[in-house]
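**Student:** Here it is, the structure in full.
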Amino acid sequence: MRAVEVVAAVIERGGRYLVTRRLDGTHLAGLWEFPGGKIGPGEKPADALTREIKEELGVESTVGELIESVDWTYPEKTVRLLFFRCALEGEPMPLEGQEMRWVAAADLAGYTFPDADTTLIGRLSRR
């Protein structure tokens, strides 16, 4: 099974991280996540993340360093998640009806994220 490649933005401001909740009717609905999405055919990861942030949050972004790469198999699919540090230009707004929150690092573990995010959440929570 070929892995679906996905990018995610780790956006921090003042010790808080931007997280959004997956919409009903989507894979892993109701779980919290770092914003992002699938890499399109022929698309570079940074370009995909810039596009996803613009579509989901309505702002431009600067994609920084890759901070975590995770291969994870769910019963229905395998994903390769690439987590990048990102900075936003402007104030994000949840354009797709998703919940959005700025969460203190120490509080991240109190939110339910996909299993594939567990290692990163643990690392960020200990900062």
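**Student:** Which log10 I(q)/I(0) values, to two decimals, does the chain give at q = 0.12, 0.14 Å⁻¹ under the Debye formula with one point per Cα?
**Tutor:** Here the Debye-derived log intensity ratios amount to -0.40, -0.56.
**Student:** If ligands, DNA and RNA are left out, what is the accessible area of residue 80 with a 1.4 Å probe, given in Å² to the nearest 10?
**Tutor:** Roughly 90 Å² of residue 80 is accessible to a 1.4 Å probe.
**Student:** Also: Could you work out the helix-only [θ] at 222 nm for the chain, with each DSSP H run of four or more residues adding -39,500 (n - 2.57) and the total divided by the number of residues, to the nearest 500 deg cm²/dmol?
**Tutor:** My calculation for the chain gives -5000 deg cm²/dmol from helical runs alone.
**Student:** Please compute the length gained on full extension between residue 31 and residue 2, using 0.36 nm multiplied by the number of residues separating them and subtracting their Cα-Cα distance.
**Tutor:** Difference between extended and current length: 8.1 nm.
**Student:** Mind telling me which of 112, 26, 73 comes out most flexible in a GNM of the chain, alpha-carbon contacts under 10 Å?
**Tutor:** Top of the fluctuation ranking is 26.
**Student:** Among 75, 41, 92, which one moves the most in a GNM of the chain with springs linking Cα atoms closer than 10 Å?
**Tutor:** 75
**Student:** Something else: So what are the three principal axis dimensions of the range 37-108 from its Cα atoms, in whole Å, longest to shortest?
**Tutor:** Answer, in whole Å and largest first: 34, 33, 27 Å.
The values are calculated or read from the model by the stated rules, or taken from the named source; none is laboratory data. Quick caveat: nothing in here was measured; it's all calculated off a predicted structure. Note: accessible area is taken over every heavy atom of the protein model, side chains too, but ligands, DNA and RNA are not part of it. Shrake-Rupley method; radii C 1.70, N 1.55, O 1.52, S 1.80 Å.
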